[in-house]
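Input: a single structure, listed below in structure tokens.
The values are calculated or read from the model by the stated rules, or taken from the named source; none is laboratory data. Keep in mind the model is a prediction, meaning the values are calculated, not measured. Cβ coordinates were reconstructed from backbone atoms using ideal geometry, including for glycine residues, and neighbour counts include every protein chain displayed.
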Amino acid sequence: MADVDISYPRDAIAQITLNRPDKLNAMTSEMVELLHESLNSVGRDREVRVVILTGAGRGFCAGLDLGGYGEAPGYEWKGSVERGFAIQKHIASLIPRLRSLPQPVIAAVNGPAAGGGFALVLGSDIRIAATTARFNAAFIRIGLSACDIGTSWLLPRLIGAARAQELMLTGRLFDAEEALRIGLLVDVVPNEVLLDAALAKAEEIRLNTPLGVALTKEGMWSALEIPGLQAAIDLENRQQIMASFSDDAREMRRAKSEGRPPHFEG
């Protein structure tokens with residue numbers, strides 16, 4: 001079986017499953033490349049409205065496979081620095097790819113999410129976890145910096161700088177209940193209903209127009225990088241006018257006036 005699996009559990013919802021359960025879905029070059037390809041595929045599919053990202057077996061993703069990651073695809077570097085840098089860029093580019101998808105990504109964290117797996121959780125738009133989920137910025141525990149794969153930018157913005165500094169400097173494990181308490185997660189549920197909870201959240205998102213959802217995702221991420229209120233408002237103003245002239249916005253207004261569910265064409 002492929003190291004990454006795409007399925008469609010419900011209409012307009014894609015599920016991407018990291019599929020190396022015997023290794024807690026630790027990342028290899030092949031898995032990362034397949035994940036890039038999977039994200040590209042669903043990102044271009046206008047029938048897909050929401051993406052759920054999860055792991056097979058009892059783990060979400062244990063980070064990089066320290067037993068043998070492999071080489072980054074493309075040009076074969078001979079120098080160790082060049083080769084390592086190519087691998088680093090190959091992995092880290094997953095986070096901007098998650099952000100650039102027009103569809104929201106729901107991380108359904110079914111177990112340990114460490115290192116690169118933790119970064120995938122942070123790079124998702126909504127995070128729901130099972131009670132067995134565990135998290136840590138594991139890089140610092142193997143002699144590296146905890147600032148890796150976007151973590152130094154994402155984590156402080158999600159939970160605040162003070163908490164992020166402590167988690168990154170210690171690299172300690174923390175459980176799903178703590179993650180919920182500090183605002184990293186929106187919900188913690190029993191393992192057996194995790195995917196049901198993720199699907200229910202996806203269905204809530206589907207009630208809104210595809211363009212409205214895509215612009216909201218884009219605008220929220222952009223606002224995290226905008227230094228001032230007025231710049232954020234200027235972006236919002238342009239988004240609102242764009243959205244108001246879309247066919248789906250008109251369909252939403254017609255459906256409400258006629259008392260029926262809307263039919264979005266995207």
From Gly70, Gly59, grab the single residue that is modelled with pLDDT of 95 or more, assigned to a loop (DSSP other than H, G, I, E, B) and surrounded by 12 or more Cβ atoms within 10 Å (Cβ to Cβ).
-> Gly59
Consider only pairs whose beta carbons are under 7 Å apart and that are at least six residues apart or on different chains; among these, list those whose first residue lies in region 138-158 and is within 10 Å of Met168 (Cα to Cα) and whose second residue is among the charged types (D, E, K, R).
-> Phe139/Asp148
Within region 10-58, can you find the residues that are at positive phi and either under 16 Å from the mean Cα position of the chain (by Cα) or not hydrophobic (A, V, I, L, M, F, W, C) (or both)?
-> Asn25, Gly57
From Arg172, Arg238, grab the single residue that is of a type in the set (Lys, Arg) and without any contact (Cβ under 8 Å) to a residue 24 or more places away in the chain.
-> Arg238
Any chance Val51 is outside any loop (DSSP other than H, G, I, E, B), closer than 22 Å to Gln88 by Cβ, in contact with a helix residue (DSSP H, G or I) (Cβ under 6 Å, 6 or more places away or on another chain) and assigned by TED's automatic domain parsing to the domain that holds Leu122 | no
Which of the residues belonging to region 145-157 are surrounded by fewer than 17 Cβ atoms within 10 Å (Cβ to Cβ) and either small (Gly, Ala, Ser) or touching a Gly at 6+ places or on another chain (Cβ under 9 Å) (or both)?
-> Ser145, Ser152
Restricting attention to region 212-232, does a residue exist that is over 30 Å from Ser152 (Cβ atoms) and in a helix (DSSP H, G or I)?
-> yes
Determine which member of the set Phe118, Phe135, Phe139, Phe85 is buried (at least 22 other Cβ atoms within 10 Å of the Cβ), over 16 Å from the mean Cα position of the chain (by Cα) and not small (Gly, Ala, Ser).
-> Phe139
Kindly indicate whether any position in region 244-252 is surrounded by 12 or more Cβ atoms within 10 Å (Cβ to Cβ), of a type in the set (Phe, Trp, Tyr) and out of contact with any His (no Cβ under 9 Å at 6 or more places or on another chain).
-> no
Within region 184-211, residues under 21 Å from Leu158 (Cβ atoms) and assigned to a helix (DSSP H, G or I) come out as Leu194, Ala197, Ala198, Lys201, Ala202, Glu204, Ile205
Restricting attention to region 194-233, the residues that are farther than 24 Å from Ala255 by Cα and among the hydroxyl-bearing types (Ser, Thr, Tyr) number exactly 1
Scanning for something touching a residue at least 12 places away in the same chain (Cβ under 8 Å), among the hydrophobic types (A, V, I, L, M, F, W, C) and surrounded by fewer than 17 Cβ atoms within 10 Å (Cβ to Cβ), does region 31-43 turn up at least one residue?
-> no
Any residue at all in region 227-245 that is outside the structural domain of Ile128 (by TED's automatic domain parsing) and closer than 30 Å to Asn136 by Cα?
-> yes
Candidates Leu199, Leu167, filtered to the one that is in the same structural domain as Gly84 (by TED's automatic domain parsing), aliphatic (A, V, I, L, M) and under 25 Å from Asn19 (Cα atoms) = Leu199
Over region 73-124, the set of residues in a helix (DSSP H, G or I), of a type in the set (Val, Ile, Thr) and farther than 21 Å from Met168 by Cα is Val81, Ile87
